[in-house]
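Contents: one structure, followed by commentary.
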Amino acid sequence: MDNFELLSEYYTFLKEKKGEGKKVVAFMSHDNIPEELIDAAGFVPLRLIFAGNDELMDASHDFLSPSTCAFAQSCIGVFSVKPDPYRFLELIDYFIVSNHCVSDICASEVIAKYFNLQRLNFYVSYTKTGNSLKYFKLELLNLKKQLEEITGTKIDNQDLMDSIKKYNIFKKKLLEISNLTLNGSQKLKIFHKAMLYGPAILPELDNIILEQSQTQISGESKDILLTGCSIFINDYLNDLIEEGGGNVVFFDTWVGFNYYYQIIDEKVLNASKDSIDLLTHRFEKNIYGDHSVPNFLERKVSHIENFSINYEKKTGKKIGVINHIIKFCDHMSIMSSHLKNQLKEKGIYVLNLERDYSRANRGQLSTRIEAFLEMM
Ligand code: SF4
């Protein structure tokens, strides 16, 4: 299924949900947005995960300067680009404005204001101290209240608990998918679809796992851990890696590990009576997300080092790391040279790949990736 087929099928899916009377709540794709609350309110959460070409970036320039990160530009662009393969965005009713980073706030505010979407607010603390956790809990309660005001009914604790359990199972399945012997483009396609549909595609994930659709990956492929910024729907970056002889075996990004590792331990899940406390607990344990300071760099380095050691033990192969930095993404660029140096000291090859989505960059990117894979 190509991306346009996926988008067209998703339009049908959303239309059906709207037909059932559900509202659609969209937000930019970063972690910490409690989609379970949206689900428990009877709404459909929609992550914006569309970025990868000039058209979407260019379509945003009436609203924000080109020095905004290319992903945030594209999130605005999907609402104004013509002709419109993203027509399902017409079905959005509400937009969450959150503060993952400055670009996220600016782009979300622009989208809510200029595309006439009712705004919901959800702000996330940057630290994990006692007070930060209390603040996060207050924000959860505030979002819950905003959703309840729309529906005119209270979100039941048990309904939210059920939703948390459902998403927990969903993330476990994605973890299993991540461990299958599929090549990078197959995994990425599944992750993209899963991030759009959510637990509605659990049976499909079960089938994939059951069939163990094992693709024989050439022993010659250079295995890559992709960290930094995600590869979104319609981006060609993974194609360049595969065309150069590489294969992404691990997506250490928001569309990937940063999402599905946030699984709540079964014991905690079964012992807890308060669903809001459970979501706060998950936020506290989300130690790898780039929204959290301090210790982001240390954790990232040790996580990649551990993965690399285990991978080599399991397969006898060394991994290389591509650190994908979307141009003007402060979160990823600010630490990139430290990340590279620290991993290099541990014997891990790293390519810091900073880029926007311009088609004109394709040749240059391809050359850099090929050179890196060759060097590995
Ligand atoms: S600056 Fe980075 S973290 Fe912020 S919206 Fe852009 S890609 Fe996401």
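The values are calculated or read from the model by the stated rules, or taken from the named source; none is laboratory data. These figures come from a predicted structure and were not determined experimentally. Glycine also receives a Cβ, built like all others from the backbone with ideal geometry; neighbour counts cover every protein chain displayed.
Could you give every pair whose Cβ atoms fall below 7 Å, whose first residue belongs to the stretch 116-137 and is free of Cβ contacts under 8 Å to residues at least 40 places away in the same chain, and whose second residue is charged (D, E, K, R), counting only separations of at least 6 or pairs across chains?
Gln118/Asp93; Tyr123/Glu139
For the subset of the stretch 23-46 comprising residues that are at pLDDT 95 or above and among the charged types (D, E, K, R), which member is farthest from the chain's Cα centre (by Cα)?
By that ranking, first place goes to Lys23.
Which condition number in (1) surrounded by fewer than 16 Cβ atoms within 10 Å (Cβ to Cβ); (2) away from the ligand (no atom under 12 Å from the Cβ) is the one that Ser67 fails?
Exception for Ser67: condition (2).
In the stretch 237-289, what count of residues is obtained for those that are closer than 30 Å to Ala360 by Cβ and not polar (S, T, N, Q)?
Number of matching residues: 17.
If I filter the stretch 274-281 for residues that are closer than 27 Å to Phe136 by Cβ, in a loop (DSSP other than H, G, I, E, B) and not polar (S, T, N, Q), do I get at least one hit? Lay out the reasoning, then the answer.
Pass one, the stretch 274-281, residues closer than 27 Å to Phe136 by Cβ: 274-281.
Pick out the ones that are also in a loop (DSSP other than H, G, I, E, B) and you get 274.
Checking the rest, the ones that are also not polar (S, T, N, Q) come to 274.
Checked against the condition, which is being closer than 27 Å to Phe136 by Cβ, in a loop (DSSP other than H, G, I, E, B) and not polar (S, T, N, Q), the stretch 274-281 yields at least one hit.
So, in the stretch 357-372, of the ones that are within 20 Å of Lys222 (Cα to Cα) and among the hydroxyl-bearing types (Ser, Thr, Tyr), which residue ends up surrounded by the fewest Cβ atoms within 10 Å (Cβ to Cβ)?
Among residues in the stretch 357-372 that are within 20 Å of Lys222 (Cα to Cα) and among the hydroxyl-bearing types (Ser, Thr, Tyr), the one surrounded by the fewest Cβ atoms within 10 Å (Cβ to Cβ) is Thr367.
Among what's in the stretch 160-181 and is among the hydroxyl-bearing types (Ser, Thr, Tyr) and closer than 13 Å to Ile208 by Cβ, pick the residue that is modelled with the highest pLDDT.
Across the stretch 160-181, the extreme among qualifying residues is Ser178.
Kindly check whether there is at least one residue in the stretch 51-68 that is within 21 Å of Leu237 (Cα to Cα), of a type outside the set (D, E, K, R) and in contact with a strand residue (DSSP E or B) (Cβ under 6 Å, 6 or more places away or on another chain).
no
Count, please, the residues in the stretch 102-144 that happen to be within 15 Å of the ligand (Cβ to nearest atom), among the polar types (S, T, N, Q) and more than 21 Å from Asp290 (Cβ to Cβ).
Number of matching residues: 0.
I need the full set of residues from the stretch 142-190 which are more than 20 Å from the chain's Cα centre (by Cα), under 13 Å from Asp39 (Cα atoms) and β-branched (Val, Ile, Thr), in order please.
Thr151, Ile155, listed by residue number.
Looking only at residues in the stretch 358-374 that are of a type in the set (S, T, N, Q) and in contact (Cβ under 8 Å) with a residue 12 or more places away in the chain, which one is nearest to Gly246 (Cα to Cα)? If you could, list the steps in order and put the result at the bottom.
At the first step, the residues of the stretch 358-374 found to be of a type in the set (S, T, N, Q) are 358, 361, 364, 366-367.
Right, trim to in contact (Cβ under 8 Å) with a residue 12 or more places away in the chain and you get 358, 366.
On the way: Ser358: 22, Ser366: 11 Å.
Restricting to residues being of a type in the set (S, T, N, Q) and in contact (Cβ under 8 Å) with a residue 12 or more places away in the chain, the top hit is Ser366.
Do any helices (runs of 4 or more DSSP H) lying entirely in the stretch 33-86 carry at least 2 residues that are assigned by TED's automatic domain parsing to the domain that holds Lys23 and β-branched (Val, Ile, Thr), and which ones are they?
Counting at least 2 such residues, we get 70-80.
Kindly indicate whether Leu48 is within 11 Å of the ligand (Cβ to nearest atom) and either surrounded by fewer than 18 Cβ atoms within 10 Å (Cβ to Cβ) or aliphatic (A, V, I, L, M) (or both).
yes
Does the stretch 313-352 hold any residues that are of a type in the set (A, V, I, L, M, F, W, C), more than 16 Å from the ligand (Cβ to nearest atom) and surrounded by fewer than 19 Cβ atoms within 10 Å (Cβ to Cβ), and which are they? Explain how you work it out, then say what you get.
From the stretch 313-352, those of a type in the set (A, V, I, L, M, F, W, C) are 319, 321-322, 325-326, 328-329, 332, 334-335, 339, 343, 348, 350-351; that's our starting set.
Filter once more, so that each one left must be more than 16 Å from the ligand (Cβ to nearest atom): 319, 321, 343, 348, 350-351.
Answer for the stretch 313-352, where residues must be of a type in the set (A, V, I, L, M, F, W, C), more than 16 Å from the ligand (Cβ to nearest atom) and surrounded by fewer than 19 Cβ atoms within 10 Å (Cβ to Cβ): just Leu351.
Can you name the condition, by its number, that Asn295 falls short on among (1) on the phi < 0 side of the Ramachandran plot; (2) modelled with pLDDT under 90?
Among (1) on the phi < 0 side of the Ramachandran plot; (2) modelled with pLDDT under 90, the lone unmet condition for Asn295 is (1).
Can you tell me which condition Ile105 does not meet? The list is (1) without any contact (Cβ under 8 Å) to a residue 12 or more places away in the chain; (2) closer than 16 Å to Lys23 by Cβ, and all the others hold.
Of (1) without any contact (Cβ under 8 Å) to a residue 12 or more places away in the chain; (2) closer than 16 Å to Lys23 by Cβ, only one is false for Ile105: (2).
Being away from the ligand (no atom under 16 Å from the Cβ) and either surrounded by 15 or more Cβ atoms within 10 Å (Cβ to Cβ) or not hydroxyl-bearing (Ser, Thr, Tyr) (or both): is that true of Met375 here? Can you show your working first?
Details: away from the ligand (no atom under 16 Å from the Cβ): yes; either surrounded by 15 or more Cβ atoms within 10 Å (Cβ to Cβ) or not hydroxyl-bearing (Ser, Thr, Tyr) (or both): yes.
Answer is yes for this residue.
Conditions (1) charged (D, E, K, R); (2) surrounded by 22 or more Cβ atoms within 10 Å (Cβ to Cβ), marked per residue:
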site	(1), (2)
Lys189	yes, no
Ser230	no, yes
Asp235	yes, yes
Glu242	yes, no
Gly256	no, yes
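Being among the hydroxyl-bearing types (Ser, Thr, Tyr) and within 11 Å of the ligand (Cβ to nearest atom) is true for just one of Ser74, Ser80. Which residue is that?
Details: Ser80 fails: within 11 Å of the ligand (Cβ to nearest atom).
Of Ser74, Ser80, the one residue that is among the hydroxyl-bearing types (Ser, Thr, Tyr) and within 11 Å of the ligand (Cβ to nearest atom) is Ser74.
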